[in-house]
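Enquirer: Right, I'll just put the structure down here and ask away after.
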Amino acid sequence: SLALQSPKILLVPYEPHHVLTYHAWMEDEDLRTATASDRLTLPEEHAMQESWREDGGKLTFIACLPPTTDTSKTVRARRDDLPECMLGDVNLFLYPSPEHDGVEGKVVAEVEVMIARREFRGMGLGREVVGLFLWYVGMHRDEVVGQGGGGRGGGGGRRVLMGFRVKIAEGNSGSIKLFEGLGFERVGEVNYFGEVELVRGVDWGGMGGERGERGWRVLE
């Protein structure tokens, strides 16, 4: 139930009281197309939220505007994450590492980010969301992915995070540039679905030192 905060963004766990707003976002056909998402009913969206919270192979945060006063060490649910504060989400999905085929427990984390509200796009918030998220995962990777117990990462034993990857539509130059700016490198050719793949290692070099400079912190 941890939250993450920077001067520009607040990331909170995806909770039931976020679902109505999330569902409203996903009624936008353009947004569903951009995120390769299916249209769900509200009950289906609630079921999906519950599955995300229970699946050890997934991690999801809702991105919100940060509180106007950032001195608190805790997040006030239903106050700091009201619908008018919500901007989008960021997700992580664990898969067996293709570079360690057949080695149980070696996983790669596929990342997705969405800024749902159009008025907040083009402001660098997507980069801030991903940077904060990956800093947390990289610095706390043992507790984030090491517990095992299901998910597409497979195996019931201890898992080891080997790297991050993203798959982005070839024409989405903005997202490609965003991830390249965070140290991701393109690999391979465009796949059958018209996507390019970018990868980066786990070592979030320098992030520990930059944490104080950037004002990144973990809240309860």
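The values are calculated or read from the model by the stated rules, or taken from the named source; none is laboratory data. Nothing here was measured: the structure is a model prediction, and the numbers come from that model. Ideal geometry is used to build each Cβ from the backbone, glycine not excepted, and the neighbour counts take in all protein chains shown.
Enquirer: Looking only at segment 94-106, decide whether some residue is at pLDDT 95 or above and within 12 Å of the chain's Cα centre (by Cα).
Expert: So the first thing to find is which residues in segment 94-106 are at pLDDT 95 or above, and the list is none.
The answer is no, given that none of the residues of segment 94-106 is at pLDDT 95 or above and within 12 Å of the chain's Cα centre (by Cα).
Enquirer: Still on this structure: Would you be able to say whether some residue in segment 22-44 is under 26 Å from Glu143 (Cβ atoms) and at pLDDT 95 or above?
Expert: Here is the first cut: in segment 22-44, the ones under 26 Å from Glu143 (Cβ atoms) are 22.
After this cut, where a residue has to be at pLDDT 95 or above as well, the list is 22.
Within segment 22-44 (the criterion being under 26 Å from Glu143 (Cβ atoms) and at pLDDT 95 or above), the answer is yes, since at least one residue qualifies.
Enquirer: State all residues of segment 14-51 that are surrounded by 15 or more Cβ atoms within 10 Å (Cβ to Cβ) and under 23 Å from Ala77 (Cα atoms); if no residue qualifies, say none.
Expert: Once the filter is applied, which keeps residues that are surrounded by 15 or more Cβ atoms within 10 Å (Cβ to Cβ) and under 23 Å from Ala77 (Cα atoms), segment 14-51 yields Tyr14, His18, Val19, Thr21, Tyr22, His23, Trp25, Met26, Glu45, His46, Met48, Gln49.
Enquirer: Let me ask something else about it. What are the residue pairs meeting all of these: first residue in segment 162-182, first residue closer than 23 Å to Val137 by Cα and hydroxyl-bearing (Ser, Thr, Tyr), second residue surrounded by 14 or more Cβ atoms within 10 Å (Cβ to Cβ) and modelled with pLDDT of 90 or more, Cβ atoms under 6 Å, and 6 or more apart or on different chains?
Expert: Pairs that qualify, where the first residue is closer than 23 Å to Val137 by Cα and hydroxyl-bearing (Ser, Thr, Tyr) and the partner is surrounded by 14 or more Cβ atoms within 10 Å (Cβ to Cβ) and modelled with pLDDT of 90 or more, are Ser175/Ile168.
Enquirer: OK, next. So, Glu110, is that one among the acidic types (Asp, Glu), closer than 21 Å to Gly201 by Cβ and surrounded by 15 or more Cβ atoms within 10 Å (Cβ to Cβ) or not? Don't jump to the end; show me each part of the working.
Expert: Values: among the acidic types (Asp, Glu): yes; closer than 21 Å to Gly201 by Cβ: yes; surrounded by 15 or more Cβ atoms within 10 Å (Cβ to Cβ): yes.
Yes; evaluated as a whole, the condition is true for this residue.
Enquirer: Oh, and also: Is there any pair linking a residue in segment 77-96 that is surrounded by fewer than 17 Cβ atoms within 10 Å (Cβ to Cβ) to one that is among the hydrophobic types (A, V, I, L, M, F, W, C), with Cβ under 6 Å and at least six apart or on different chains, and which?
Expert: Tyr95/Val108
Enquirer: For Ala3, are the conditions met, namely being within 30 Å of Gly146 (Cβ to Cβ) and surrounded by fewer than 14 Cβ atoms within 10 Å (Cβ to Cβ)?
Expert: Working: within 30 Å of Gly146 (Cβ to Cβ): yes; surrounded by fewer than 14 Cβ atoms within 10 Å (Cβ to Cβ): no.
Here the answer is no, as Ala3 does not meet what is asked.
Enquirer: Something else about it: I'm trying to understand the selection: among the residues of segment 51-69, which are in contact (Cβ under 8 Å) with a residue 24 or more places away in the chain and more than 15 Å from the chain's Cα centre (by Cα)?
Expert: The first filter runs over segment 51-69 and keeps only residues in contact (Cβ under 8 Å) with a residue 24 or more places away in the chain, leaving 52-53, 55-67.
Within segment 51-69, Leu65, Pro66, Pro67 qualify.
Enquirer: Here's another thing I want to ask about it. Within segment 1-102, which helices (runs of 4 or more DSSP H) (wholly inside it) include 2 or more residues that are β-branched (Val, Ile, Thr) and at negative phi? Give the steps one after another, and end with the answer.
Expert: Working: elements: 19-25, 29-35, 42-54.
Once the helices (runs of 4 or more DSSP H) in segment 1-102 are filtered for at least 2 residues that are β-branched (Val, Ile, Thr) and at negative phi, what remains is 19-25, 29-35.
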